[in-house]
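The values are calculated or read from the model by the stated rules, or taken from the named source; none is laboratory data. Every value quoted in this text rests on a predicted model; they were computed, and no experiment measured them. Positions of Cβ are generated from backbone atoms using ideal geometry, with glycine treated the same way; all protein chains shown enter the neighbour counts.
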Amino acid sequence: MIDLRSDTVTKPTAAMRAAMAAAEVGDDVFGDDPTVNLLQERIAAMLGFEAALFVPSGTQSNLCGLMAHCQRGDEYIVGQMAHTYRWEGGGAAVLGSIQPQPLAQQADGSILLADIEANIKPDDAHFARSRLLTLENTWGGQVLPLDYIEAATALARRRGLTTHLDGARLFNAAVAGAGADGDGGRDARAAARRIASHFDSVSVCFSKGLGAPVGSALCGSKEFIVRAHRVRKMIGGGMRQAGVLAAAVLHALDHHIDRLAEDHANARRLAEGLQGLAGLTVQTPQTNILFVDLAADKAAGVVERLRQAGVLCTGLYRLRFVTHLDVSADDTERAVHILREHL
């Protein structure tokens, strides 16, 4: 079975399992798990922040970030199709009493600067207090342009807002953009740091393209992470001997960043292999996520038919295929053959 549902389905490699087995652990709620502490220090330094907080999931990381930035009755500006707004259970509103102000996004995931400006509320008791701008990179596998990030975050700062990046697939964006701006050559780590430098906080996920089994990190200032740590405790995110999980992430940071380029290449190969089929509109992937739009006569039962043929994916009229650590170039070629036969 070729599993293209998501890059969250990866299994730990043998080397990662060995690192987990050898991890030195303590009690992270007491702050004395040395491997967790090492991970937090390392990811903060890598992305250019003072501190970081290791959490079980990207949803929790974003929620801790939103609640550390905003108080009850505050508002965050966010994309209509952004993960923090649409796919995280309404946590900011339900648990943080933070009002979302969702705005339409452009094809690349950006929000028009004029729309952001127009929706920052005046200081008036009739309105929620505009406090935060939240962006996402990658968004649907697309890389948010760096010049847009610079302009949007500058606008937010000028209007007194803080900024948060949902960087669940930040390293995919960094690998895709490394060298494009002439800063850091082909070094994805430098590219990730440059993206992160425009934000007050960044959430980055380790259980997607990087292939760790569990975990995300929230990065920011020391003061901000103290507030986020309190939120993590309140919502049940404190972990005990979490060093076994942090060790997997440290291994991924050492070995799984640069190889994301292979996933991007496999997604492009998948897209190229589906070109020319009647009733299909195939997007050109920028990273590891491919969307294919189907004509109505091809959509009925398609996900189940593909599953029976040996390819797992998600969708209905729009199919989503995600390449990852456990999908090889040979798997991609087999998937192309199966998809062409059944689409």
Tell me yes or no: at least one residue of the stretch 239-248 is closer than 21 Å to residue 58 by Cβ, assigned to a helix (DSSP H, G or I) and of a type in the set (Val, Ile, Thr). yes
Are any of the residues in the stretch 72-82 in a helix (DSSP H, G or I), modelled with pLDDT of 95 or more and not assigned by TED's automatic domain parsing to the domain that holds residue 268? no
Does the stretch 196-209 include one or more residues that are surrounded by fewer than 23 Cβ atoms within 10 Å (Cβ to Cβ), among the hydrophobic types (A, V, I, L, M, F, W, C) and within 27 Å of residue 331 (Cβ to Cβ)? no
Which is surrounded by fewer than 18 Cβ atoms within 10 Å (Cβ to Cβ), among the basic types (Lys, Arg), within 30 Å of residue 39 (Cβ to Cβ) and within 26 Å of the chain's Cα centre (by Cα), of 318, 240? 240
Which numbered condition trips up residue 293, out of (1) in a helix (DSSP H, G or I); (2) acidic (Asp, Glu); (3) in contact with a Lys or Arg (Cβ under 6 Å, 6 or more places away or on another chain)? (1)
What number goes with the only condition from (1) modelled with pLDDT of 95 or more; (2) more than 22 Å from the chain's Cα centre (by Cα); (3) not in a loop (DSSP other than H, G, I, E, B); (4) not polar (S, T, N, Q) that residue 298 does not pass? (1)
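A quick yes/no check of all residues on (1) assigned to a loop (DSSP other than H, G, I, E, B); (2) at pLDDT below 95:
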| site | (1), (2) |
| --- | --- |
| 126 | yes, no |
| 156 | no, no |
| 160 | yes, no |
| 174 | no, no |
| 179 | yes, yes |
| 183 | yes, yes |
| 186 | yes, yes |
| 192 | no, no |
Unique match (being out of contact with any Gly (no Cβ under 7 Å at 6 or more places or on another chain) and touching a residue at least 24 places away in the same chain (Cβ under 8 Å)) among 302, 249, 282: 302
Enumeration of residues in the stretch 7-51 that are closer than 15 Å to residue 251 by Cα and of a type in the set (Val, Ile, Thr): 10, 13, 35, 36, 43
